[in-house]
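Below: one structure, written as structure tokens.
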Amino acid sequence: MKFALTGGPGWARTVLTAVGVGLGVVVLMLAASVPHMLAERDARADARSPLHLEEDAEAGQDTLLTAYAGTEYRDALIGGLELQPDAGVEETTAQPPPGVDAWPGPGEMVVSPALRDLLDSEDGGLLAERLGHRTVGIIGPEGLEGPSELYYYAGVDTLDGDHGMRVGGFGMTMAESPLPAILVLLVLVLCVVLLMPVAVFIATAVRFGGERRDQRLAALRLVGADADMTRRIAAGEALVGALFGLVAGVGGFLALRQYLGSVTVWEFSAYPRDIVPSPVLTVLILVGVPVAAVAASLFALRGVAIEPLGVVRESTVRRRRLVWRLVPGALGLLLLLPFTGPFTGDSGVEQIRVATGVVLLLAGVTVLLPWLVERVVGLLRGGPVSWQLATRRLQLGSGAAARTVSGITVAVAGATALHMLFFGVRGDQTEYTGHDPDRAQLSVSQAVFEDDDGTRLIDRLETVPGVTDVFGTVSDTALLQGSAASNGAVAVIVGDCAALREATRAESCEDGDVFLAGDGSQDTALPGPGDELLLGHDLTADGAERRLWTVPETASATDVRPDARGMTRAGVYATWGALDPARLQDPWLEVMLRVDPESADVVERVRNVAWEAETHAPVWELRSETVSDDLLSIQQGLLVGATGVMLLIGASMIVSMFEQLRERRRLLSVLVAFGTRRSTLAASVLWQTAVPVVLGLAVAALIGTVLGAVLMSLAGLRVGGWTAFLPMAGAGAGVIALVTLASLPLLWRLMRPAGLRTE
């Protein structure tokens, strides 16, 4: 261990190893913090969930009425609750929600810091107009899932038993339904794919400077050390680098988490105090990293004979064998093949089997790549000087080059498999809505109350800039009087001619017309001309006589057709001039809108108008398909994790590249002293990276595609997505190109004759 800390070569190698291991430890510590982070977010979400009382619960000093007041703004979800203490803001004994010091009064609201910043910004003008309350406070961290969450509480005085839910406080534990088996499989693969490159890089980092180290060990043999002692010295040197890496990684993790509260990645954020590693996982990291470092160091010496007069490896190297390198991949395939039927996700043993199989198959990439690089570069001959320099260097020792790109190849292979699995899972977790976005893009619906016949909101929506067409209808259920239909229920829909044409196949329409639209079903009861309808469903309701309506003799028969939402309703369709919607008992307003996609913020302006309705009418964007929320959450986790892993891979490859250049600085100086052009040397370094990269990406594409197909079969999905490796390989090649460019300044610095100086 002392040998690793004495002299320039020892310190340089130890520092590089510590930096590489430290980067990996930071990612592992962050990954170990995920369970606690998610648990704390869920606990705060439960703490602010209203405790619902029975429907007939009486108002008291400690009760209040609440109503959900969430909205959406430019694809960002904004959560909110309207609050109205039954005893009044001043007299209530109920405790405010977590993070709120005092009840907001009518017209006031307390907001999260992120929402306050949005409302105060230029981009938040339309949202501030929508919410319309005066901000009087800020929600504390104990009342938010994360620092970037958009949330608010608004004080109101308009809620009653029909428009609010009576609650007795906050703190309801929300029951979570278990994930479907196919999503459990997706999470398992996601965790393995994101963490495997980290493990590969840590194993690579502890082998930095291996050739120089072996030369120093040969010098120790010359002064009396035996072979076993040199192996112990190599293990101790690797252990020092790993221990320093642990210290650097833990310190970097503690320093980094202080700033993570101000970072939002793919709409996800966390408070620093939530980022606490699991004790069990922390112990595994603290013990596993040094053990892995020693094991990797000893494994690297298995084929090296360190003698007093030099290292035998510098003569002809024994060719790598292929047979044992196929074993991990074969074992992984055996574990993943669905011998016992599709994956169910119910058994822990089953989950461990799948995770182990994925690990072994991805590990097959790392052990197969050095053999492939050695075989291919052994066949390369001729070419420009830069190409010959590169291929000769790889022929003399391709192990370091293969190890440098092994992390990115594992990441590409795992990402390819994951992308194929996502392709299949998305189809399984996608619901086709039947919507036709070409006919309408937005939908608004709400109950219509006594002081409105439903046309007010329709008229206002027609004035929104960017709205091209509005199709609004008011509907209710009517009872057919007499024995003709045994008092059957009939749907009555009132709208203008444009709206009726969207829902029926009426050939012509004028205000005052009535249509009897059927769907061809024998079970559908339709009135005939002259029949009486009770415009409602309650025979005892007041004003029954006023709600009696006779179907005019001019009513014509037609058929219904699916509207833009894919829905069909058989019934009586009447224009405004034929039936006053105010006569309906419990009318329901439905509006579909066509908008100009080029109009800026037209959706937000529609939401603002709909928000002014008594119940904050929701606005739905019509989509032909929707994806489950669970899958979207997993996809968000993938994006967050993949971003972190790609940053680690880029940083680790830069460290690896610097280490390789440092190892070759004397050779570079000799070539420069002999007159080799800098451009030739730069091109040779590029070729030395490009050859293993191309081979590594080819192996990654092959194994990743095989793994993806096996996982899809295991999940019972139709195998597809065969071109998933193309974007993944492109991303990997892009990372390596950036790393190569970043290494050029150091290359220029090393290419000086002064590098021949020695002590």
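Name the strands (runs of 3 or more DSSP E) wholly within segment 1-100 that hold at least 1 residues that are among the β-branched types (Val, Ile, Thr)?
Counting at least 1 such residues, we get 64-68, 71-73, 76-85.
Can you tell me which residue is farthest from the chain's Cα centre (by Cα) among those in segment 243-268 that are surrounded by 19 or more Cβ atoms within 10 Å (Cβ to Cβ) and either farther than 30 Å from Ala300 by Cα or not aliphatic (A, V, I, L, M) (or both)?
Phe244
Counting just the residues of segment 163-189 that are more than 26 Å from Val425 (Cα to Cα) and β-branched (Val, Ile, Thr), which one comes out surrounded by the fewest Cβ atoms within 10 Å (Cβ to Cβ)?
Thr173
Hey, Arg392 hits all of (1) of a type in the set (Lys, Arg); (2) in a helix (DSSP H, G or I); (3) in contact (Cβ under 8 Å) with a residue 24 or more places away in the chain; (4) farther than 30 Å from Ala330 by Cβ but one; which does it fall short on?
It is condition (3) that Arg392 fails.
Please determine, by comparing only the residues of segment 557-601 that are among the basic types (Lys, Arg) and over 32 Å from the mean Cα position of the chain (by Cα), which one is modelled with the lowest pLDDT.
Within segment 557-601, the match that is modelled with the lowest pLDDT is Arg583.
Considering only residues of segment 26-47 that are out of contact with any Ser or Thr (no Cβ under 7 Å at 6 or more places or on another chain) and of a type in the set (Gly, Ala, Ser), which is farthest from Leu647 (Cα to Cα)?
Ranking the qualifying residues of segment 26-47, first place goes to Ala47.
Can you tell which of Asp476, Asp511 is modelled with pLDDT of 85 or more, surrounded by 14 or more Cβ atoms within 10 Å (Cβ to Cβ) and more than 30 Å from Ala709 (Cα to Cα)?
Asp476
Could you count how many residues in segment 695-718 are under 16 Å from Val365 (Cβ atoms) and modelled with pLDDT under 80?
Of the residues in segment 695-718, 0 are under 16 Å from Val365 (Cβ atoms) and modelled with pLDDT under 80.
Just to check your reading of the model, which residue among Gly696, Gly730 is in a helix (DSSP H, G or I), among the small types (Gly, Ala, Ser) and crowded, with 21+ Cβ neighbours inside 10 Å?
Gly696
If you take the residues of segment 114-131 that are surrounded by fewer than 17 Cβ atoms within 10 Å (Cβ to Cβ) and of a type outside the set (Asp, Glu), which of them is farthest from Glu604 (Cα to Cα)?
Ser121
Given the structure, is Thr416 closer than 30 Å to Leu186 by Cα, surrounded by fewer than 18 Cβ atoms within 10 Å (Cβ to Cβ) and within 41 Å of the chain's Cα centre (by Cα)?
no
Among the residues of segment 450-467, are any of a type in the set (S, T, N, Q) and under 30 Å from Ile654 (Cβ atoms)?
no
Consider only pairs whose beta carbons are under 6 Å apart and that are at least six residues apart or on different chains; among these, list those whose first residue lies in segment 268-281 and is farther than 15 Å from Val26 by Cβ and not assigned by TED's automatic domain parsing to the domain that holds Leu144 and whose second residue is assigned to a helix (DSSP H, G or I) and of a type in the set (D, E, K, R).
Pairs found: Asp274/Glu40.
Give me the pairs: first residue in segment 521-533 and crowded, with 19+ Cβ neighbours inside 10 Å, second residue in a loop (DSSP other than H, G, I, E, B) and modelled with pLDDT of 85 or more, beta-carbon distance under 8 Å, and six or more apart or on different chains, which are they?
Correct list of pairs: Leu526/Ala570; Pro527/Val551; Asp531/Val551; Leu533/Pro527; Leu533/Val551.
Go through segment 218-242 and count every residue that is more than 51 Å from the chain's Cα centre (by Cα), loosely packed, with under 13 Cβ neighbours inside 10 Å and of a type outside the set (A, V, I, L, M).
2
Taking segment 713-727 as the region of interest, how many residues are out of contact with any His (no Cβ under 8 Å at 6 or more places or on another chain), assigned to a loop (DSSP other than H, G, I, E, B) and closer than 26 Å to Leu695 by Cα?
Matching residues across segment 713-727 total 4.
Could you grab me the full set of residues in segment 132-162 that are part of a loop (DSSP other than H, G, I, E, B), surrounded by 16 or more Cβ atoms within 10 Å (Cβ to Cβ) and either among the aromatic types (Phe, Trp, Tyr) or modelled with pLDDT under 90 (or both)?
Matches in segment 132-162: Leu159 only.
The values are calculated or read from the model by the stated rules, or taken from the named source; none is laboratory data. Note that this is a predicted model, so its numbers are computed, not measured. Because the Cβ atoms are built from the backbone with ideal geometry, glycine has one as well, and the counts that use them run over all protein chains shown.
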